[in-house]
């Protein structure tokens, strides 16, 4: 179990302990891959179109008819805080998943959710991972 925010709990598989550091969850490991501070250039192709199953806290939602990020509509776009990664300077940077959800999906700000979908792009400046065709479980 790993704590997320103040009230969500993540239960997931972990990797082995390395150098006395606590093990990373699969979710934390995937976020670290997407936001590797040592990488220069575009995101490797093998990281795009990856299916993910993550948990996080809803920060905001909005209905949309057409959307630039997901090239479709109508639907609901939700920003979900999914974790943090270390910057090259050692500080934590919050990461949000931007979800494309079916029209009529209702989520409350501050709600902790589990979701799955397919990563279609990563914005390393805004620290966003865009997850298409997401479903909340």
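Nothing in this text is a laboratory measurement; each read-out follows from the coordinates by a stated rule. Please read all numbers here as calculations on a predicted model, not as lab measurements. Note that we place each Cβ from the backbone using ideal geometry, even for glycine, and neighbour counts take in every protein chain shown.
Can you sort 101, 126 so the residue with the fewest Cβ neighbours within 10 Å comes first?
If I rank by nearby Cβ atoms, fewest first, I get 126, 101.
Quick one: length gained pulling residue 33 to residue 121 fully straight, 0.36 nm per residue minus the C-alpha distance?
Stretched out fully, the residue 33 to residue 121 stretch lengthens by 30.4 nm.
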